[in-house]
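The values are calculated or read from the model by the stated rules, or taken from the named source; none is laboratory data. Computed from a prediction, not measured in an experiment: that's the story for all the values here. We place every Cβ from the backbone using ideal geometry, glycine too, and count neighbours over all the protein chains shown.
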Amino acid sequence: MPPFTPCFPTSLRHDEVPVALLDLVQQRLAGLLGPRFTVVLGGSGNGAGVSHYHLAIQHNQSGVSLEDYGDVGAGFIERLLRMGAQVRDMLDSATFNRMAGDDPGRPLVWLSELASDGESITMRPPI
């Protein structure tokens, strides 16, 4: 990524970040995800900056998309980068490719972050 010298306006409210920061985060997400994904990161606010973000990530091969929004509070950039990495790993996985197939034994849903390591979910076919 090329060096960036931010020029932040001095009229930002305490709960806002500069629009240029969102541009940098969008570039970082696009680089992290690669060319198979489309990333759009926008923002809204009442002052010269942004107080809320609006993120859309689309997987170009499958058309699957994710949308998220929230405050630009502390840690929001790290959260978005973690989310981007999770989305990439999930959509580029062998499991996701199996979900798109015709195999009757294919997974129908993606479940993650179970309460404990020993916990599992079993679904039986209808009788």
**Message:** When you scan region 62-85, do you find a residue that is touching a Pro at 6+ places or on another chain (Cβ under 9 Å) and surrounded by 15 or more Cβ atoms within 10 Å (Cβ to Cβ), even just one?
**Reply:** no
**Message:** Quick check on ARG82: is it closer than 29 Å to GLY31 by Cβ, assigned to a helix (DSSP H, G or I) and at pLDDT 80 or above?
**Reply:** yes
**Asked** Has region 101-119 got any residue that is buried (at least 17 other Cβ atoms within 10 Å of the Cβ) and either part of a loop (DSSP other than H, G, I, E, B) or at pLDDT below 90 (or both)?
**Response** no
**Prompt:** Counting only residues that are surrounded by fewer than 14 Cβ atoms within 10 Å (Cβ to Cβ) and closer than 19 Å to GLN27 by Cβ, how many does region 41-61 have?
**Reply:** 1
**Request:** Specify the residue that is farthest from HIS52 (Cα to Cα); the eligible residues are those in region 62-89 that are of a type outside the set (A, V, I, L, M) and in contact with a helix residue (DSSP H, G or I) (Cβ under 6 Å, 6 or more places away or on another chain).
**Result:** ARG88
**Residue check, GLY43 without any contact (Cβ under 8 Å) to a residue 40 or more places away in the chain, more than 30 Å from MET99 (Cα to Cα), in contact with a helix residue (DSSP H, G or I) (Cβ under 6 Å, 6 or more places away or on another chain) and not in a helix (DSSP H, G or I)** = yes
**Prompt:** Residues in region 27-40: is at least one modelled with pLDDT under 90 and either assigned to a helix (DSSP H, G or I) or surrounded by fewer than 19 Cβ atoms within 10 Å (Cβ to Cβ) (or both)?
**Reply:** no
**Complete:** The lone condition HIS14 fails out of (1) modelled with pLDDT of 80 or more; (2) in a loop (DSSP other than H, G, I, E, B) is (1)
